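The values are calculated or read from the model by the stated rules, or taken from the named source; none is laboratory data. Remember, it's a predicted structure, so these values are computed and weren't measured experimentally. As a convention, Cβ positions derive from the backbone with ideal geometry for all residues, glycine included, and neighbour counts pool all protein chains shown.
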Amino acid sequence: MPALPYPRCTALLGSLALALAACDGPPPSTTTRPAPPAAATPPPPAPNYRPATKQRLGDTDFYLTLPRGFALKSTNAADFLVYYFAPADTTVRADFTGGIYLGSQPQGDVADTTNGCRTRRATVSLLGRPTPVTIHRCATGYTVSSVFASRSGRGWDAQVDAFGEAKSAAGLRQLLAVLAMLRRQPKS
(Lines give C-alpha, C1' and ligand atoms only; values in the text may rest on other atoms or scores of the structure.)
Protein backbone atom coordinates (compact mmCIF):
# COMPACT_ATOMS: atom_id res chain seq x y z
CA MET A 1 0.00 0.00 0.00
CA PRO A 2 1.47 3.38 -0.92
CA ALA A 3 2.30 5.82 1.89
CA LEU A 4 -0.36 8.34 2.80
CA PRO A 5 0.46 12.05 2.85
CA TYR A 6 -0.01 12.20 6.63
CA PRO A 7 2.19 9.51 8.18
CA ARG A 8 0.65 9.66 11.66
CA CYS A 9 -2.88 9.07 10.39
CA THR A 10 -4.26 6.08 8.61
CA ALA A 11 -7.52 5.76 6.79
CA LEU A 12 -9.64 2.71 6.84
CA LEU A 13 -11.68 2.24 3.75
CA GLY A 14 -14.16 -0.51 3.15
CA SER A 15 -16.72 -1.32 0.57
CA LEU A 16 -19.87 0.70 1.10
CA ALA A 17 -18.55 2.14 4.37
CA LEU A 18 -17.55 5.60 5.38
CA ALA A 19 -13.97 6.42 6.14
CA LEU A 20 -12.94 6.54 9.76
CA ALA A 21 -9.77 8.26 10.81
CA ALA A 22 -7.63 7.04 13.66
CA CYS A 23 -4.90 9.40 14.76
CA ASP A 24 -2.07 9.02 17.25
CA GLY A 25 -2.86 5.81 18.96
CA PRO A 26 -3.91 2.24 18.69
CA PRO A 27 -7.51 1.37 17.82
CA PRO A 28 -9.77 1.06 20.85
CA SER A 29 -9.91 -2.37 22.40
CA THR A 30 -13.22 -4.19 22.23
CA THR A 31 -12.59 -5.91 25.56
CA THR A 32 -11.94 -2.82 27.63
CA ARG A 33 -14.96 -1.01 29.03
CA PRO A 34 -14.84 2.67 29.78
CA ALA A 35 -14.41 3.53 33.43
CA PRO A 36 -17.67 4.31 35.20
CA PRO A 37 -18.21 7.98 35.90
CA ALA A 38 -17.15 9.19 39.31
CA ALA A 39 -19.92 9.05 41.88
CA ALA A 40 -21.65 12.37 41.94
CA THR A 41 -22.02 13.90 45.35
CA PRO A 42 -25.49 15.21 46.02
CA PRO A 43 -25.80 18.95 46.28
CA PRO A 44 -25.95 20.32 49.81
CA PRO A 45 -29.47 20.83 51.13
CA ALA A 46 -31.02 24.23 50.71
CA PRO A 47 -30.84 26.45 53.79
CA ASN A 48 -34.57 26.00 54.43
CA TYR A 49 -34.48 22.21 53.91
CA ARG A 50 -36.65 20.24 56.33
CA PRO A 51 -37.15 16.51 56.09
CA ALA A 52 -40.66 15.12 56.36
CA THR A 53 -41.63 15.36 60.00
CA LYS A 54 -44.23 13.79 62.23
CA GLN A 55 -46.00 16.59 64.07
CA ARG A 56 -48.38 16.33 66.96
CA LEU A 57 -51.71 18.12 66.58
CA GLY A 58 -51.69 20.33 69.66
CA ASP A 59 -52.13 18.49 72.95
CA THR A 60 -54.05 15.63 71.33
CA ASP A 61 -52.82 12.13 70.57
CA PHE A 62 -53.13 12.71 66.80
CA TYR A 63 -50.05 13.10 64.59
CA LEU A 64 -49.62 14.11 60.98
CA THR A 65 -46.49 13.63 58.89
CA LEU A 66 -45.90 16.66 56.69
CA PRO A 67 -43.73 16.91 53.59
CA ARG A 68 -40.57 18.97 53.85
CA GLY A 69 -41.16 22.67 53.65
CA PHE A 70 -44.69 22.43 55.08
CA ALA A 71 -45.88 23.71 58.45
CA LEU A 72 -48.98 23.45 60.62
CA LYS A 73 -51.05 26.43 61.66
CA SER A 74 -53.81 25.97 64.19
CA THR A 75 -57.14 27.47 65.11
CA ASN A 76 -58.21 26.48 68.61
CA ALA A 77 -61.63 26.97 70.16
CA ALA A 78 -63.25 25.65 73.32
CA ASP A 79 -64.80 22.65 71.59
CA PHE A 80 -62.76 22.04 68.42
CA LEU A 81 -59.31 22.32 66.82
CA VAL A 82 -58.42 22.91 63.18
CA TYR A 83 -54.90 22.34 61.85
CA TYR A 84 -54.03 23.67 58.41
CA PHE A 85 -50.96 22.55 56.49
CA ALA A 86 -49.33 24.65 53.81
CA PRO A 87 -45.80 25.68 52.80
CA ALA A 88 -43.92 27.28 55.69
CA ASP A 89 -42.56 29.86 53.25
CA THR A 90 -45.62 31.88 52.25
CA THR A 91 -43.96 32.97 49.00
CA VAL A 92 -43.96 29.34 47.77
CA ARG A 93 -46.96 28.36 45.66
CA ALA A 94 -48.00 24.86 46.68
CA ASP A 95 -49.87 22.47 44.42
CA PHE A 96 -51.98 21.48 47.43
CA THR A 97 -53.00 22.58 50.93
CA GLY A 98 -55.26 21.00 53.49
CA GLY A 99 -56.23 20.53 57.07
CA ILE A 100 -57.63 18.40 59.85
CA TYR A 101 -60.64 19.38 61.97
CA LEU A 102 -61.09 17.68 65.35
CA GLY A 103 -64.42 18.32 67.07
CA SER A 104 -67.99 17.18 67.44
CA GLN A 105 -69.67 19.16 64.62
CA PRO A 106 -67.63 19.12 61.39
CA GLN A 107 -68.94 20.96 58.35
CA GLY A 108 -67.96 18.18 56.00
CA ASP A 109 -68.23 18.67 52.24
CA VAL A 110 -68.90 22.37 51.59
CA ALA A 111 -67.54 22.58 48.03
CA ASP A 112 -69.54 24.59 45.51
CA THR A 113 -70.21 22.11 42.71
CA THR A 114 -72.68 24.23 40.71
CA ASN A 115 -70.20 25.10 37.95
CA GLY A 116 -69.90 21.72 36.29
CA CYS A 117 -67.74 20.04 38.88
CA ARG A 118 -67.58 16.27 38.76
CA THR A 119 -67.85 14.37 42.04
CA ARG A 120 -66.45 10.97 42.79
CA ARG A 121 -65.99 8.89 45.89
CA ALA A 122 -62.78 7.11 46.75
CA THR A 123 -61.58 5.05 49.68
CA VAL A 124 -58.42 6.20 51.41
CA SER A 125 -56.73 4.85 54.53
CA LEU A 126 -57.28 7.48 57.22
CA LEU A 127 -56.25 6.74 60.80
CA GLY A 128 -55.22 3.35 59.48
CA ARG A 129 -58.77 2.42 58.37
CA PRO A 130 -60.40 2.49 54.92
CA THR A 131 -62.48 5.67 54.84
CA PRO A 132 -64.72 7.16 52.13
CA VAL A 133 -63.48 10.46 50.68
CA THR A 134 -65.46 12.86 48.48
CA ILE A 135 -63.42 14.38 45.64
CA HIS A 136 -64.73 17.19 43.46
CA ARG A 137 -62.95 17.98 40.21
CA CYS A 138 -63.69 21.50 39.06
CA ALA A 139 -62.19 23.85 36.49
CA THR A 140 -59.83 25.31 39.11
CA GLY A 141 -58.67 21.98 40.57
CA TYR A 142 -59.79 19.48 43.18
CA THR A 143 -61.40 19.67 46.63
CA VAL A 144 -61.37 16.79 49.09
CA SER A 145 -63.37 16.10 52.24
CA SER A 146 -63.91 13.14 54.52
CA VAL A 147 -65.74 13.09 57.86
CA PHE A 148 -65.28 10.07 60.09
CA ALA A 149 -65.22 9.00 63.73
CA SER A 150 -61.97 9.69 65.55
CA ARG A 151 -62.42 6.87 68.08
CA SER A 152 -60.48 8.98 70.55
CA GLY A 153 -62.76 8.19 73.48
CA ARG A 154 -63.06 11.88 74.30
CA GLY A 155 -66.30 13.73 73.69
CA TRP A 156 -65.03 16.99 72.25
CA ASP A 157 -63.11 15.45 69.32
CA ALA A 158 -65.42 12.61 68.36
CA GLN A 159 -65.28 13.53 64.65
CA VAL A 160 -62.48 14.22 62.18
CA ASP A 161 -62.85 16.19 58.97
CA ALA A 162 -59.86 15.72 56.67
CA PHE A 163 -60.03 18.31 53.89
CA GLY A 164 -57.96 20.06 51.27
CA GLU A 165 -57.54 21.56 47.83
CA ALA A 166 -55.23 20.62 44.98
CA LYS A 167 -54.49 22.37 41.69
CA SER A 168 -53.62 19.25 39.70
CA ALA A 169 -53.93 15.46 39.70
CA ALA A 170 -50.35 15.25 41.04
CA GLY A 171 -51.27 17.67 43.82
CA LEU A 172 -54.35 15.57 44.60
CA ARG A 173 -52.18 12.45 44.98
CA GLN A 174 -49.83 14.35 47.31
CA LEU A 175 -52.73 15.73 49.35
CA LEU A 176 -54.29 12.29 49.80
CA ALA A 177 -50.86 10.89 50.77
CA VAL A 178 -50.47 13.53 53.50
CA LEU A 179 -54.00 12.92 54.81
CA ALA A 180 -53.28 9.18 54.87
CA MET A 181 -50.38 9.91 57.25
CA LEU A 182 -52.81 10.99 60.01
CA ARG A 183 -52.21 8.69 62.98
CA ARG A 184 -53.38 8.37 66.53
CA GLN A 185 -50.79 7.48 69.11
CA PRO A 186 -52.32 7.25 72.60
CA LYS A 187 -50.30 8.98 75.26
CA SER A 188 -48.50 6.64 77.61
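Among the residues of the stretch 139-188, the one identified as polar (S, T, N, Q), surrounded by fewer than 16 Cβ atoms within 10 Å (Cβ to Cβ) and closer than 21 Å to residue 71 by Cβ is 185.
Just so you know, in the stretch 144-185 the residues that are farther than 22 Å from residue 61 by Cα and basic (Lys, Arg) include one that is farthest from the chain's Cα centre (by Cα), and it is 167. Inspect the stretch 140-149 for any residue being of a type outside the set (Gly, Ala, Ser) and either touching a residue at least 60 places away in the same chain (Cβ under 8 Å) or on the phi > 0 side of the Ramachandran plot (or both) and give the result as yes or no. Looking for residues that are of a type outside the set (Gly, Ala, Ser) and either touching a residue at least 60 places away in the same chain (Cβ under 8 Å) or on the phi > 0 side of the Ramachandran plot (or both), one finds none in the stretch 140-149, hence no.
Considering only the stretch 122-142, I want to know if a residue exists there that is out of contact with any strand residue (DSSP E or B) (no Cβ under 6 Å at 6 or more places or on another chain), over 19 Å from residue 181 (Cα atoms) and of a type outside the set (S, T, N, Q). Yes, some residue in the stretch 122-142 is out of contact with any strand residue (DSSP E or B) (no Cβ under 6 Å at 6 or more places or on another chain), over 19 Å from residue 181 (Cα atoms) and of a type outside the set (S, T, N, Q).
Scanning the stretch 161-188 for residues that are among the polar types (S, T, N, Q) and touching a residue at least 60 places away in the same chain (Cβ under 8 Å) turns up 168, 174, 185. Here residue 75 clears all of (1) modelled with pLDDT under 90; (2) crowded, with 18+ Cβ neighbours inside 10 Å; (3) of a type in the set (Ser, Thr, Tyr); (4) not in a loop (DSSP other than H, G, I, E, B) except the condition numbered (2). The set of residues in the stretch 88-103 that are under 23 Å from residue 140 (Cβ atoms), of a type outside the set (S, T, N, Q) and surrounded by 15 or more Cβ atoms within 10 Å (Cβ to Cβ) comprises 94, 95, 96, 98, 99, 100, 101.
In the set 92, 133, which member is at pLDDT 90 or above, aliphatic (A, V, I, L, M) and farther than 24 Å from residue 59 by Cα? Even if it seems obvious, please write down each step before you answer.
Working: 92 fails: at pLDDT 90 or above.
The unique qualifying residue is 133.
Within the stretch 104-111, is there a residue that is of a type in the set (S, T, N, Q), crowded, with 18+ Cβ neighbours inside 10 Å, modelled with pLDDT under 95 and more than 16 Å from residue 64 (Cα to Cα)? Scanning the stretch 104-111, I find no residue that is of a type in the set (S, T, N, Q), crowded, with 18+ Cβ neighbours inside 10 Å, modelled with pLDDT under 95 and more than 16 Å from residue 64 (Cα to Cα), so the answer is no.
Among residues belonging to the stretch 71-90 that are of a type outside the set (A, V, I, L, M) and without any contact (Cβ under 8 Å) to a residue 40 or more places away in the chain, point out the one that is farthest from residue 152 (Cα to Cα). Quick ask: steps written out before the conclusion?
Start the filter on the stretch 71-90 by keeping residues that are of a type outside the set (A, V, I, L, M), which leaves 73-76, 79-80, 83-85, 87, 89-90.
From what's left, without any contact (Cβ under 8 Å) to a residue 40 or more places away in the chain: 73-76, 83-84, 87, 90.
Numbers: 73: 22, 74: 19, 75: 20, 76: 18, 83: 17, 84: 20, 87: 28, 90: 33 Å.
By that ranking, first place goes to 90.
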